[in-house]
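Report on the structure given below.
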Amino acid sequence: MTPQETPMDWGTRYAARMAGMKASEIRELLKLLDQPDIISFAGGIPDPALFPQAEIAQTYAQICGDRALFDAALQYSVSEGDAGLRQWIVSYMAKRGVTCGPENILITNGSQQALEFLGRMFLSPKDTAMVEAPTYLGALQAFSAMEPVYDTLPNGATNRTVASYRDKAGAAGGVLKFAYVVPDFANPTGHTLNIEERRELLQFASDLNIPVIEDSPYVALRYDGQEVPMLQALDCEDQGGIESSRVISLGSFSKVFTPGLRVGWICAPTEVIGKLTLMKQASDLSNSAINQRVIATLATTRFDQQVAQGIAHYRVKRDAMLDALERHMPDGVTWSKPEGGLFIWVTLPEGLDATALLQQAVEQARVAYVPGHAFFADGSGRNTLRLSFSLPSVDAIEDGIAKLGALLKKATG
């Protein structure tokens, strides 16, 4: 047999970690958006009606019209990120109670890249990551490539001792490495940790001597209630500054401006930022310089205005969905009532499987959602689902929830 006749067996060449990588159910469901008659409550997609089109176009035009700016913006850039943008983030973090400097900031291609970097930096195969149940699916995807084991963060009182968490990690063949949490309007539940829960989490992490990854892409989008201090702010206050803090904070411009420019950041002690910068250099060298310049200009000139518009816009949609759920859901179905963010978490009666019902929802009601089990590290939560109210119109929300409610009434008998 000649070399040209030997078929390539790709499966024998992949690294072992590829076996644990699976397609995102959300990414797959987003393909439904190509079908115009589908009412999609699936992806947590910002409403493009809020994208500042004129301002973005004007900023690109200004850069492209100035030769010096143009040359710099289309050139390779430093891995840490645009200096002006990092300085703006420093000011933003100060307003949220975190005193830091540009050396504490790394710009990333969205906060998803930050999660992937942190998973690679901390996790070896069989190490344990502490996550909520449920938790953000994208985090599970980013971490799972490193072949970890998952344990569940305590939610309130628990009979487990601190030693039991270490022992369980050791029995799995690794070390307990970090806790990951979305503390504000969490994806997928919409839940926000109150001040007592945040202090309990920080004490738990201190007892275990592990870092906390605070993922905060929705923190600016609060519609009701009082703002709660960031975990990083609380820890910096307790520990005497960011260099002594165990909290690594992730931020993003995707939900405030637009996800398409792919600009997020990590705020952490300089030792951590130094390691992450090396990873950034090895991964993609740097973010797009021109996109960073555009975001820096938008952040400087209209961040507060953009946030206010987003709050007003999404509050109406959240209220419309909560009202529709109240009127159309059958007995036995419950849901969260988030004070902000983009998501509502629905719990069906025991015995109903949201994954099995999804096909009926799409085919019969032309409504899409994300089955809840995708957000559990152990695949549980079969009777839960996530709804996003960010993209559909108010009329579509009413229509879609009415159709979903009718389907669930049939399913519950």
**Q.** the range 151-175-the range 241-298 distance, computed between alpha-carbon centres (Å)
**A.** 31
Q) Which of LEU358, PHE178, VAL90 sits farthest toward the positive end of the charge dipole of the chain, with +1 on the Cβ of Lys and Arg and -1 on the Cβ of Asp and Glu? A) LEU358
Q) Label THR99 and TYR76 with points 7 Å out from Cα along Cα→Cβ: what is the distance between them in nm? A) 3.8
Q | Global geometry of the range 326-413, whether rounded, prolate or oblate, following the gyration tensor of its Cα atoms and the 1.5 cut on a/c | A | rounded
Q) Can you run phi through the Karplus equation (6.51, -1.76, 1.60; θ = phi - 60°) for the range 206-211 and list ³J(HN,Hα) in whole Hz, with x for Gly and Pro? A) 5, 4, 8, 6, 10, x
(Q) Can you give me the C-alpha center-to-center distance between the range 374-411 and the range 56-108, rounded to a whole angstrom? (A) 38
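Could you count how many Lys pairs in the chain have their Cα atoms under 17 Å apart, skipping same-chain pairs fewer than 8 positions apart? Before the final figure, lay out the partial values.
Numbers: LYS22/LYS31; LYS126/LYS168; LYS126/LYS177; LYS168/LYS177; LYS177/LYS275; LYS255/LYS317; LYS317/LYS337.
For the chain, qualifying lysine pairs total 7.
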Q: Stick to the Cα atoms of the range 248-319, pair each with every other, and give me the Kirkwood hydrodynamic radius in Å at one decimal.
A: 14.1
Q: Within 10 Å of each residue's Cβ, count the other Cβ atoms and sort THR355, THR258 from fewest upward.
A: THR355, THR258
Q: Identify the residues of the range 203-244 with backbone N under 13 Å of a label point that sits 7 angstrom from the Cα of THR270 along the Cα-to-Cβ direction, or state none.
A: 242-244
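Using the number of other C-beta atoms within 10 angstrom as an exposure proxy, rank TRP335, TRP10, TRP265 with the fewest first. Provide the component values of the computation, followed by the final result.
Numbers: TRP335 19, TRP10 7, TRP265 25.
If I rank by nearby Cβ atoms, fewest first, I get TRP10, TRP335, TRP265.
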Q) In the Gaussian network model of the chain, springs joining C-alpha atoms below 10 Å, which of SER164, SER111, SER390 carries the largest mean-square fluctuation? A) SER164
Q. About its Cα centre, what dipole magnitude does the chain give when the only charges are +1 on Lys and Arg Cβ and -1 on Asp and Glu Cβ, stated in debye to the nearest 20?
A. 300
Q: Please go through the range 308-365 and write out the GluC sites (Glu not before Pro) that DSSP classes as loop and that have at most 13 other C-beta atoms within 10 Å.
A: GLU350
Q | Peptides ranked, highest mean first, by Cβ atoms within 10 Å: ranges 216-227, 378-389, 287-298 | A | 287-298, 378-389, 216-227
Q) Listing ILE273, ILE105 from the residue with the fewest other Cβ atoms within 10 Å to the one with the most, what is the order? A) ILE273, ILE105
Q: Sticking to Cα atoms, compute the Rg of the range 121-203 to one decimal and its Dmax as the biggest Cα-Cα distance, whole number, in Å.
A: 13.0, 34
Q | Stokes-Einstein diffusion coefficient of the chain, Kirkwood radius over Cα pairs, 10 °C, 1.306 mPa s, in µm²/s | A | 70
Q: Within the set of other residues whose C-beta is less than 11 Å from the C-beta of VAL131, count the net charge using Lys and Arg as +1 and Asp and Glu as -1.
A: -4
Q. Which peptide among 238-244, 62-68 comes first, and what is the full order, when sorted by highest mean count of other Cβ atoms within 10 Å?
A. 238-244, 62-68
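All of the numbers you see were taken from the coordinates with simple rules; none came from a lab. Since we're looking at a predicted model, the values are computed, not measured. Glycine gets a Cβ as well: all are built from the backbone with ideal geometry, and neighbour counts include every protein chain shown.
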